[in-house]
1. When residues of the range 19-29 are filtered for being modelled with pLDDT under 90 and under 14 Å from residue 4 (Cβ atoms), how many remain?
2. Quick one: residue 55 ticks every box in (1) surrounded by 11 or more Cβ atoms within 10 Å (Cβ to Cβ); (2) over 16 Å from residue 4 (Cβ atoms); (3) touching a strand residue (DSSP E or B) at 6+ places or on another chain (Cβ under 8 Å) except a single one, so which number is it?
3. Which residue pairs have Cβ atoms under 6 Å apart, sit 6 or more places apart or on different chains, and have a first residue in the range 24-38 that is at negative phi and without any contact (Cβ under 8 Å) to a residue 24 or more places away in the chain and a second that is surrounded by fewer than 14 Cβ atoms within 10 Å (Cβ to Cβ) and in a helix (DSSP H, G or I)?
4. If I ask for residues that are under 11 Å from the mean Cα position of the chain (by Cα), at pLDDT below 90 and over 11 Å from residue 41 (Cβ atoms), which ones from the range 3-18 would you list?
């Protein structure tokens, strides 16, 4: 698996504390590593984020964040 970034939420708990982040540069991409991470560490991870060049949206439990909004993380 290749996950670009892992960040943790400010409160420390054993469950749903890790947020995996993938950065995608093109318009056509896959996120198989992110899905594998979600499946393997479901008890410890929060909703994953994909940083991309398109608009803000949420699909299938994944938040798609535009590049210009990364400062809000």
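The values are calculated or read from the model by the stated rules, or taken from the named source; none is laboratory data. Every value quoted in this text rests on a predicted model; they were computed, and no experiment measured them. No Cβ is skipped: glycine too gets one built from the backbone with ideal geometry, and neighbour counts run over all protein chains shown.
1. Of the residues in the range 19-29, 3 are modelled with pLDDT under 90 and under 14 Å from residue 4 (Cβ atoms).
2. Residue 55 satisfies every listed condition except (1).
3. none
4. 7 - this is the single residue of the range 3-18 that is under 11 Å from the mean Cα position of the chain (by Cα), at pLDDT below 90 and over 11 Å from residue 41 (Cβ atoms).
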